[in-house]
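Beneath this line is the structure, given in structure tokens, with notes to follow.
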Amino acid sequence: MKVKLLRYTADAELLCGTAAQATIKSGKPSEILEKIDSETAKRKIKMVTGYGHASVVEHASFTFSLEDVSRAMTHQLVRHRIASYTQQSQRYVTYDTLEKYVIPPSITDNDEAKKTFDDTLEKISETYQKLLKIGIPKEDARFILPNAAKTNIIVTMNARELRHFFNLRCCARAQWEIVEVAVEMLKQAKKAAPALFENCGPTCVELGYCTEGKMKPVTCNITEIKEKFRKM
């Protein structure tokens, strides 16, 4: 799995700081942008978002490449509706080796499970290749492929939706692969625009308490989790 921030809004913090300032000042946004400095922009972003007015950070967008992730993961990812996605097509990409699949750690760490998993994937790949050889179109042969099939996807989200995505998908209750993806996306977004993602992470990091109720994992230690993400 590889996560790479491809592009993001130039001067994202200045732009969002301008938007925050424009809500409370009589000056024109274009004039505010010309005059605002980095520290003022960061301070205004923190103040306004602290009031819950997160719409000001919607003006900054971030585009990521998520590579060699599973179809199981991307099916969860695309449930986040306020985003743009472009995914590798199985109508054109051929699956022919075990390297074309994602194997969960729980299976990798269990010899018996790993053998069963590998044997099944080999059989699937053989059947898939046989279907292609007898003239079945790729778009139909792909019906036999599992959720483990690797894919690549480009995703673009604005900063507000990214913050919401991190709230849900950095949580220990989320599926392991999307947690890994979300945490790496957060690291890179925070490096690019720290003021937009200050104190960002699972909901407990921002609110100070867990919203999962009885579904909260027994292994969760909110204090440790908050410390981890604030040091990120």
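Every number in this text was worked out from the coordinates using simple rules, so none of it is lab data. Computed from a prediction, not measured in an experiment: that's the story for all the values here. So basically every Cβ, Gly included, is an ideal-geometry build from the backbone, and we count neighbours across all protein chains shown.
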field: Fraction of the pair-distance distribution of region 91-148 above 15 Å, Cα-Cα pairs, percent
entry: 49 percent
- line: Over its alpha-carbon atoms, region 12-132 yields an Rg and a Dmax in Å of 24.0, 69
task: Compare the peptides 173-180, 133-140, 205-212 by average per-residue count of other Cβ atoms within 10 angstrom and give them in order, highest first.
output: 173-180, 205-212, 133-140
task: Starting from one equal scatterer on each C-alpha and no solvent at all, send me the Debye-based log10 I(q)/I(0) for the chain at q = 0.10, 0.11, 0.13, 0.16 Å⁻¹, two decimals.
output: -0.58, -0.67, -0.86, -1.11
- request: Show the residues, 5+ positions off or on another chain, whose built amide H is closer than 5 Å to the amide H of VAL69.
  value: THR151
- request: Restricting things to alpha carbons, tell me how big region 1-81 is in terms of Rg and Dmax, in Å.
  value: 16.3, 49
- request: Calculate, in nm to one decimal, what THR40 and LYS4 gain on full extension: separation in residues at 0.36 nm each, minus their alpha carbon distance.
  value: 10.0 nm
- prompt: Calculated from DSSP H runs of 4 or more alone, at -39500 (n - 2.57) each and per residue, what is the 222 nm mean residue ellipticity of the chain, nearest 500?
  reply: -14000 deg cm²/dmol
statement: In degrees, nearest 10, the alpha-carbon axis of helix 111-133 is tilted away from the dominant principal axis of the alpha carbons of the chain by 80 degrees
message: Tell me the angle of helix 38-50 to the major Cα principal axis of the chain, expressed in degrees between 0 and 90 and rounded to the nearest ten.
response: 80 degrees
- request: Output the direction-averaged projected area (hull surface divided by four) of the convex hull of the alpha-carbon atoms of region 107-232, in nm².
  value: 10.8 nm²
- prompt: Pairs of lysine in region 91-148 with Cα under 26 Å and at least 8 positions apart or on different chains: total?
  reply: 13
